[in-house]
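*Asks:* What follows is a single structure, and I will ask about it in a moment.
The values are calculated or read from the model by the stated rules, or taken from the named source; none is laboratory data. Keep in mind it's a predicted model, so treat the numbers as computed, not measured. Ideal geometry is used to build each Cβ from the backbone, glycine not excepted, and the neighbour counts take in all protein chains shown. Surface areas here come from the heavy atoms of the whole protein model, side chains and all, with no ligands, DNA or RNA. Shrake-Rupley method; radii C 1.70, N 1.55, O 1.52, S 1.80 Å.
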Amino acid sequence: MTDEALLAQVLTPYKKHCRYLRSAVVTEIDGRASARCEFEIPESCYIDDTGHLNSVEVNICYNQMMYYLVAKSVREGLGAGFESWTLDDFFERQLPDILIARFSSNFRRPVNPRAFSGELEFRSVTRRTPAGGSPFLHAETTFRYRDAESGRCDGEATLAFVNVP
């Protein structure tokens with residue numbers, strides 16, 4: 001079930017017309033956290049209506065899904081990698097310290113942006129310390145979006161969580 005208060009707090013940095021994530025259910029299987037989400041984009045925040053989900057909106061939705069999944073994982077002690085974090089740590093680091101190192105998406109069929117679902121899974125979260133560098137968390141994720149008309153988009157993203165506690 002969606003934690004409405006947590007979702008509202010996670011989406012606070014977004015302008016009101018760019019808060020696309022409506023609900024999210026977070027689960028953990030074999031130590032990997034994942035989220036199933038519902039989205040609605042009544043109107044694009046930057047372009048005239050294209051009639052389909054586009055790459056910018058895919059990225060914005062990914063960010064919102066990922067931020068909620070990390071916050072919920074921290075709060076509930078789910079998954080690996082965030083055991084030492086508090087919610088205060090998450091909100092302090094949400095914007096400046098969670099970086100998308102690599103992002104790719106594949107559009108299989110156009111997705112209706114007015115109502116669609118999304119899924120995000122953390123495949124792995126590992127702590128790394130490069131020679132002479134500061135430790136960070138390296139996360140591999142996969143995501144997918146679907147709508148009721150067989151629209152489909154999927155992809156992968158690599159995250160770097162820097163300045164880890």
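*Asks:* Of a type in the set (A, V, I, L, M, F, W, C) and touching a His at 6+ places or on another chain (Cβ under 7 Å): does that describe CYS45?
*Replies:* So CYS45 passes the test.
*Asks:* Ok, one more. Counting residues that are more than 12 Å from the chain's Cα centre (by Cα) and over 21 Å from ALA33 (Cβ atoms), which strands (runs of 3 or more DSSP E) fully inside region 66-165 reach at least 3?
*Replies:* Ranges flagged: 98-109.
*Asks:* I'd like to verify a number: residues in region 14-41 that are at pLDDT 95 or above and assigned to a loop (DSSP other than H, G, I, E, B), how many?
*Replies:* 6
*Asks:* Could you tell me which of the residues LEU95, LEU99 is touching a residue at least 60 places away in the same chain (Cβ under 8 Å), over 23 Å from GLY31 (Cα atoms) and open to solvent by 20 Å² or more (accessible area, probe 1.4 Å)?
*Replies:* The conditions single out LEU95.
*Asks:* Exactly one condition in (1) open to solvent by 90 Å² or more (accessible area, probe 1.4 Å); (2) touching a residue at least 12 places away in the same chain (Cβ under 8 Å); (3) of a type in the set (Gly, Ala, Ser) is not met by ALA131; state its number.
*Replies:* Condition not satisfied by ALA131: (2).
*Asks:* In region 43-60, which residues are of a type in the set (Ser, Thr, Tyr) and surrounded by 15 or more Cβ atoms within 10 Å (Cβ to Cβ)?
*Replies:* Scanning region 43-60 gives a single hit, SER44.
*Asks:* Taking the residues in region 1-42 that are basic (Lys, Arg) and without any contact (Cβ under 8 Å) to a residue 60 or more places away in the chain as candidates, determine which candidate is most open to solvent (accessible area, probe 1.4 Å).
*Replies:* LYS16
*Asks:* Conditions first: (1) out of contact with any Gly (no Cβ under 9 Å at 6 or more places or on another chain); (2) open to solvent by less than 80 Å² (accessible area, probe 1.4 Å); (3) in contact (Cβ under 8 Å) with a residue 60 or more places away in the chain. TYR67 passes all but one, so which condition is the exception?
*Replies:* (3)
*Asks:* A further question on this structure: Just checking, how many residues over region 115-161 are modelled with pLDDT under 95 and touching a Ser or Thr at 6+ places or on another chain (Cβ under 7 Å)?
*Replies:* Residues in region 115-161 being modelled with pLDDT under 95 and touching a Ser or Thr at 6+ places or on another chain (Cβ under 7 Å): 1 in total.
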